[in-house]
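Working notes, beginning with the structure itself.
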Amino acid sequence: MKELSISVREIAEFLYGSGSIVNERILNTRAQEGTEIHQYWQNLYLDTDKKEVVVKTTVLTGDIELTVSGRIDGLIIREEKLFIEEIKSTHTDFDILDEKTYPAHLCQAKLYAYMYLSQTEKRSIDVVLTYIQVEDRKVLKFEKHYTKKNLEKYFDTSIEKYLDWIRLLNHHEEQRLKSIDGLTFPFDNFRLNQREMMAYIYKNVLRKGKLYCEAPTGIGKTVASIFATLKAVNQPRQKVFYTIAKNDGKKVVIDTVKLLEEKGLVAKTCELTAKDTMCLLKERDCDPEVCQYANGYYKRVYKAINDIFQKESLITKDIFTKYGKKHKVCPFELSLDTSNYSDIILCDYNYVFDPLVKLIRYFDMDSYNPIILCDEAHNLVSRSRGMYSASLNSSDFSRIKETAKYLKPNPSYELDSILEIFAEASIELLEVDFIKKEEVNPYLLKTLKNLLGKLDQIFSNDKIKFEKRVLREFYFNVNRFIKINEYYDDDFVFLIENRDDEVVISIKCLNAAKFINETINSHTEGCTFFSATLDPIFYYKSLLTNNDGDDISLMSSFKQSNLLLLAVDDISTRYRDRENSISKIIDVTRSLVTSKKGNYILFFPSYAYMNMVKSRLEEEIENVSFITQRREMFSEERTEMMNFFKEESETTQVFMFVMGGIFGESIDLIGDMLSGVIIIGTGLPALSPFNNVLRSHFDYSFRNGFDYAYTYPGLNKVIQAVGRVIRTETDRGVAILIDDRFTTRKYLSLYPDAWNHLQVCNKIDDISQTIKDFWEGDTDEEAN
């Protein structure tokens with residue numbers, strides 16, 4: 001017998017949902033308004049009336065025991081007649097409101113009425129649906145008389161409709177667990193250490209622990225992690241969240257799930273994507289008066305979910321868009337609501353860890369405790385700091401000030417006060433570009449909260465039109481700043497800085513480890529962090545989970561001899577030495593790109609350095625096509641750039657990229673698509689006031705500030721860049737590291753074990769000969 005519990009309100013909204021999408025701010029405001037209206041009306045009750053009357057009943061049907069419960073707003077007696085009252089606050093004009101406008105409201109009242117009558121000998125009862133205007137407290141009542149027999153039929157029909165959905169879910173659940181039990185690995189053979197990786201993940205899921213797994217490229221991390229996690233699933237409704245840093249990594253996850261489905265997996269997989277990329281409007285505007293897919297969303301959404309659930313298994317962004325159009329519902333909100341009934345959820349980190357973006361239904365409540373897989377986990381250190389940071393720009397407040405006189409209530413006083421704070425900050429910044437303070441300005445916080453209060457009142461007026469979208473974005477920024485301040489402690493700083501000719505005030509998180517750790521401990525059934533680059537592993541453990549968790553580093557399955565790894569250490573690429581480094585960089589580049597026709601990448605630490613070298617390279621190396629990354633590139637331009645690698649070229653192509661950027665990781669250039677890379681510099685983040693704040697903080701926390709703020713983040717970019725060369729067991733290629741620091745004792749101690757064949761080669765003739773011998777060895781192997 002499966003025991004389930006549900007509230008009357010949940011059943012009513014599931015069966016007869018109505019209303020439009022509103023944002024969390026409006027939801028919170030209206031929840032508060034609803035509480036105030038209920039208290040106001042219930043305070044008018046007579047002493048003989050009862051309020052918040054608890055009702056509860058249990059329904060037994062088949063193998064399901066369903067407990068339904070709720071609270072009746074009012075049980076009142078007037079002129080010897082007994083009424084059940086359901087109270088609703090509203091902004092809707094009474095001229096267009098009747099008992100059928102919001103069918104879930106009447107459903108809720110009728111279900112309450114039957115549950116109450118079933119506990120008494122009464123044969124009938126009156127139901128009153130009372131609507132109260134928030135603005136003026138005007139009241140509109142709809143009164144209905146029902147017999148117990150009619151209500152019983154309505155109750156049974158409603159419960160049966162709901163249970164039809166539950167039976168569908170239960171059937172899927174039985175099929176899912178059965179399929180997982182019989183699921184076999186989708187390949188005939190395991191790659192080197194792949195089985196070991198799966199064993200560690202499987203045990204970690206069972207014990208609900210934390211695991212850091214450094215697994216080199218080619219081991220098959222995606223299929224290993226998903227397969228092992230699924231095999232550890234042993235409870236109904238256990239969800240797996242597969243989290244990634246960039247959308248580019250989603251395709252391999254989707255392809256892996258498809259492969260497992262072909263092998264017999266029964267599962268619902270849901271892809272969550274940013275709202276802007278899923279919007280069906282030309283320009284996103286979630287106002288129900290503007291967007292037909294937001295207007296009346298809750299009236300249509302469960303039909304859409306039922307349709308998807310019965311027809312689809314792998315529900316991608318395109319599938320949600322298709323069903324969004326079919327049922328006239330917002331595809332983004334549909335994806336969130338469908339995730340409730342999904343087994344695998346593929347999404348960005350922020351849906352799990354960001355305090356203002358994370359899915360509350362999973363990570364702030366105890367209804368679910370998902371299993372987390374965190375791919376490319378090296379990205380989470382900087383991303384997590386950003387999740388707990390917030391900034392305010394002076395220009396945003398100036399822009400809203402121009403429209404303030406048209407708003408009611410007028411927020412000009414608060415805006416002027418805050419602009420005055422920005423003006424005072426600009427005077428402080430006359431001599432410097434950056435000021436760090438230990439505490440957030442208390443007057444700023446107080447004024448921001450007052451401003452937020454007025455904005456709440458402005459938005460509660462549904463008739464507001466003026467600059468609504470801009471005002472909404474402004475509200476979210478202010479709200480984020482206030483919310484992030486609630487977490488403020490010794491791991492945060494308050495910053496004032498000049499950025500792009502305007503004053504920016506920020507709360508910056510320096511270490512978010514305790515927040516990430518708390519989310520995992522309190523709201524998940526464990527987490528596996530994995531990446532090809534988690535060196536040094538103590539750095540990631542200390543900045544993600546406060547050193548909590550196990551770790552494992554697995555060896556690569558690739559032949560070490562397939563990668564020629566050279567270090568040119570007689571040259572400095574430090575900022576002060578960059579001009580003098582150009583000639584040597586050109587000579588090394590010439591040696592590499594003339595050794596064999598193919599595609600090559602030069603990775604630079606910055607755009608400025610790259611542009612400094614670019615013109616000289618184009619002048620001095622002939623018969624080569626140079627292709628350069630731009631600072632701002634649209635998705636189509638990135639795709640076009642990647643196509644250059646795939647298309648046959650008559651000449652050698654040399655790509656010039658910035659380390660740690662969009663082409664520095666998560667791109668697979670297999671076989672002849674890439675022959676070699678040159679890494680120029682150690683990838684250290686630019687020396688900056690904020691990075692120096694990080695350094696000071698980590699000096700205090702770990703006694704190793706420079707390495708935590710500069711060395712380790714830079715090293716990750718270098719390892720990622722080298723990792724572009726060898727992507728399969730048959731790939732061969734060259735990687736050259738240019739900088740005198742690469743062969744210091746500190747760096748040599750940090751490199752992956754697979755780099756222990758690093759050769760130092762400084763003379764250009766020696767470099768050319770070494771590369772030539774490497775490629776000739778390639779020819780010899782083919783001949784054999």
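The values are calculated or read from the model by the stated rules, or taken from the named source; none is laboratory data. Predicted model only: the values in this text are computed from it and were never measured. Backbone-built Cβ (ideal geometry, glycine too); neighbour counts: all protein chains shown. These accessible areas exclude ligands, DNA and RNA; they are computed on the full protein's heavy atoms, side chains included. Shrake-Rupley method; radii C 1.70, N 1.55, O 1.52, S 1.80 Å.
Determine the gain in length on full extension of the stretch Thr48-Arg78; use 0.36 nm per residue of separation and subtract their C-alpha separation, reporting nm with one decimal. Don't jump to the answer; show the numbers that get you there.
Details: separation 30, 0.36 × 30 = 10.80 nm, distance 0.98 nm.
The span from Thr48 to Arg78 would gain 9.8 nm if fully extended.
Translational diffusion coefficient, Stokes-Einstein: compute it for region 217-282 using the Kirkwood radius over C-alpha pairs as Rh, at 37 °C and 0.692 mPa s, and state it as an integer in µm² s⁻¹. Walk me through the numbers on the way to the answer.
Details: Rh = 13.7 Å.
For these conditions, the coefficient is 239 µm²/s.
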Item to check | Two-site label geometry, Ile435 and Met555: point separation in nm, points 7 Å out along Cα→Cβ | outcome: 5.8 nm
Checklist entry - Here are several values of Cα extents along the principal axes in Å: (1) 106, 65, 52; (2) 106, 69, 48; (3) 144, 70, 61. Which one was derived from the coordinates shown? => result (2)
Next on the checklist: If you fit an axis through the alpha-carbon atoms of helix 468-485 and take the longest principal axis of the Cα set of the chain, what angle between them do you get, 0 to 90°, nearest 10?
Outcome noted: 80 degrees
Item to check | Efficiency of FRET between Asn150 and Asp318 - r from beta-carbon atoms, R0 60 angstrom, step 0.05 | outcome: 0.85
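Packing-wise, with mean Cβ within 10 Å as the measure, how do 503-511, 289-297, 258-266 rank, highest first?
503-511, 289-297, 258-266
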Checklist outcome for this item: From most to least accessible, 1.4 Å probe, no ligand or DNA/RNA atoms counted, Tyr102, Tyr112 line up as Tyr102, Tyr112
Item to check | Per-pair calculated FRET efficiency, R0 = 56 Å: Glu428 and Glu174 via Cβ, rounded to 0.05 | outcome: 0.30
Checklist entry - So what are the ³J(HN,Hα) numbers for region 225-238, from phi and the Karplus equation (6.51, -1.76, 1.60; θ = phi - 60°), rounded to whole Hz, Gly and Pro as x? => result 5, 5, 4, 5, 5, 4, 5, 8, 5, 9, 10, x, 6, 5
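Given a 1.4 Å probe and heavy atoms of the protein chains only, how would you sort Val357, Val134, largest accessible area at the top? Write down the numbers at each step before the final one.
Numbers: Val357 60, Val134 35 Å².
Ranked from most to least accessible, the order is Val357, Val134.
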Checklist outcome for this item: Reported to the nearest 10 Å², Ile427 has, with a 1.4 Å probe, an accessible area equal to 120 Å²
Next on the checklist: Sort 534-546, 551-563 by packing, meaning the average of other beta carbons within 10 Å per residue, with the highest value first.
Outcome noted: 534-546, 551-563
Next on the checklist: Need one value: the accessible area of Thr316 in square angstrom, 1.4 angstrom probe, rounded to the nearest 10.
Outcome noted: 30 Å²
Checklist entry - Quick one: Cα centre-to-centre distance for region 299-356 and region 648-684, in angstrom? => result 36 Å
Checklist outcome for this item: For Lys268, counting only aspartates and glutamates whose alpha-carbon sits under 19 Å away and dropping same-chain residues fewer than eight positions off, the answer is Asp164, Glu173, Glu174, Asp181, Asp255, Asp307, Glu312, Asp318, Glu333, Asp337, Asp343, Asp348
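For Arg630, Arg616, give the ranking by accessible area with the largest first, probe 1.4 Å. Before the final figure, lay out each step's value.
Values: Arg630 115, Arg616 65 Å².
Most to least solvent-accessible, the answer reads Arg630, Arg616.
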Checklist entry - Which of the aspartates and glutamates could a cross-linker bridge to Lys449, judged by Cα under 13 Å and excluding same-chain residues fewer than eight apart? => result Glu414, Glu486
Next on the checklist: At q = 0.14 Å⁻¹, what log₁₀ I(q)/I(0) does region 625-775 have when each alpha carbon counts as one equal point scatterer in the Debye sum?
Outcome noted: -0.83
Next on the checklist: Can you compute 3J(HN,Hα) from phi for each residue in region 208-222, using the Karplus curve 6.51 cos²θ - 1.76 cosθ + 1.60 with θ = phi - 60°, rounded to whole Hz and x for Gly and Pro?
Outcome noted: 6, x, 10, 9, 9, 10, 8, 10, x, 4, x, 6, x, 5, 5
Checklist entry - Helix-derived [θ] at 222 nm for the chain: sum -39500 (n - 2.57) over DSSP H runs of at least 4, divide by residue count, nearest 500? => result -14000 deg cm²/dmol
Next on the checklist: Need one number: % antiparallel among DSSP beta bridges in the chain, to the nearest 5.
Outcome noted: 35 percent
Checklist entry - Roughly how many whole Å is it from the C-alpha centroid of region 65-131 to that of region 519-598? => result 64 Å
Item to check | Cβ-placed point charges (K, R +1; D, E -1), dipole of the chain about Cα centre in debye, nearest 20 | outcome: 1940 debye
Next on the checklist: Quick check on packing: order 246-252, 81-87 by the mean number of other C-beta atoms within 10 Å, highest mean leading.
Outcome noted: 81-87, 246-252
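With a Förster radius of 41 Å, plug the Cβ-Cβ distance of Asp188 and Thr594 into 1/(1 + (r/R0)^6) and report the FRET value to the nearest 0.05.
0.45
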Checklist entry - Roughly how many debye, to the nearest 20, is the charge dipole of region 21-119 about its Cα centre, given +1 on each Lys and Arg Cβ, -1 on each Asp and Glu Cβ, and no other charges? => result 180 debye
Checklist entry - Going toward the positive end of the dipole of region 590-667, with +1 on Lys and Arg Cβ and -1 on Asp and Glu Cβ, which of Phe634, Phe663, Ser649 do you reach last? => result Phe663
Next on the checklist: With every protein chain left in place and a probe of 1.4 Å, what is the accessible surface of Lys299, to the nearest 10 Å²?
Outcome noted: 140 Å²
Checklist entry - Which angle from 0 to 90°, rounded to the nearest 10, does the C-alpha axis of helix 394-403 make with the longest principal axis of the chain? => result 40 degrees
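Based on the Cα coordinates of region 666-730, what is the per residue volume of their convex hull in Å³?
97 Å³
Per residue, how much accessible area does the chain show when a 1.4 Å probe rolls over the protein heavy atoms, in square angstrom?
Working: 36490 Å² over 784 residues.
Each residue of the chain exposes 47 Å² on average to a 1.4 Å probe.
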Next on the checklist: Need one number for region 192-236: average projected area of the convex hull over its C-alpha atoms, nm².
Outcome noted: 3.1 nm²
Checklist entry - Over 28 Å between Cα atoms, which of Lys317/Lys358; Lys282/Lys717; Lys100/Lys328; Lys250/Lys772 qualify? => result Lys282/Lys717; Lys250/Lys772
Next on the checklist: For region 341-411, take the convex hull of the Cα atoms, compute a quarter of its surface area, and give me that in nm², please.
Outcome noted: 8.1 nm²
Checklist entry - Using a simple spin-label model with points 7 Å from Cα along the Cα→Cβ vector, what separation in nm is obtained for Asp136 and Val252? => result 6.3 nm
